[in-house]
Amino acid sequence: PPARLAGMGGAVENLARSRRWDDAKALAAEVGAREAYRPALGAPGSADAARFARALAITELKAGDPEAGAAKLEEVVRRDPLDGQALFLLGEFLHGEGEVERALMRFEQAAADPAYEARAHRRRGEILVARGGYAAALAPLRKALSLEPDEALGDYVDSVERLAGIFERR
C-alpha cells in the first residue's frame, strides 16, 4: 500500500486538475477508508502522504466545503511550511474571503517555492494594485516579470509605474 499511495495521490491530483471534482473526492474517500492505506497516510514526513493530503484539500476547497479545504491546506502547511502550492491556494482562498493582509502574507511565503515564485509575486502585485498600492506593487510585479518574461505583464508593469508616478506627485 505505501508504494501504491503515490499512485493514488497522483490519480486524485489528475482528477482534480481535470476538474473532475466528484471523481477526485470519491477516490480520496475510498483511499482514506481503506485500512491498508492508513499507516502510509499517517506517516510523518512522507512525501506521498503529503501529496495525497494536498490533493484532498484542493478537491475539498474547489468542490466541497471551501472552509474545510482551507483548514486541510493549513494542515499541509503546518507539516511543510514551504509547500508553495498549498500556500498559493490558501492565499487565493483568503483573498476571496476578504482577508487581504493574510492573503498577501501567504503569497509572500509561496514565493519561497521556486515552482510558485513568479506566480506568487505576480498575484501579490495584482492585489496591491487593486488596493491602490501602486508603488508597493512594483517590486513583486518586476520580480515576477524577471522570473517569467511576458509581454502582457511587461505592459501591466509599465502602466503601474505610470500610476505610481501620478499618485506620488499628489
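No lab work stands behind these numbers, since they all come straight from the coordinates. These figures come from a predicted structure and were not determined experimentally. All Cβ positions, glycine included, derive from the backbone under ideal geometry; neighbour counts span all protein chains shown.
Once both labels are modelled 7 Å past Cα along the beta-carbon direction, what's the residue 102-residue 147 spacing in nm? Here the modelled spin labels are 2.3 nm apart.
Panel order for 83, 48, 158, by other beta carbons found within 10 Å of each beta carbon, from fewest to most: 158, 48, 83. Counting only Cα atoms, the chain measures 66, 28, 27 Å along its principal axes, largest extent leading. Counting only lysines at least 8 places from residue 143 when in the same chain, there are none with an alpha carbon closer than 25 Å to its own. Over the chain, dividing the summed -39,500 (n - 2.57) contributions of all DSSP H runs of at least 4 residues by the number of residues returns a 222 nm mean residue ellipticity of -25500 deg cm²/dmol.
Projecting label points 7 angstrom from Cα along Cα→Cβ for residue 115 and residue 158 puts them 3.4 nm apart.
Counting 0.36 nm for each residue step from residue 18 to residue 78 and taking away their Cα separation leaves a gain of 18.9 nm.
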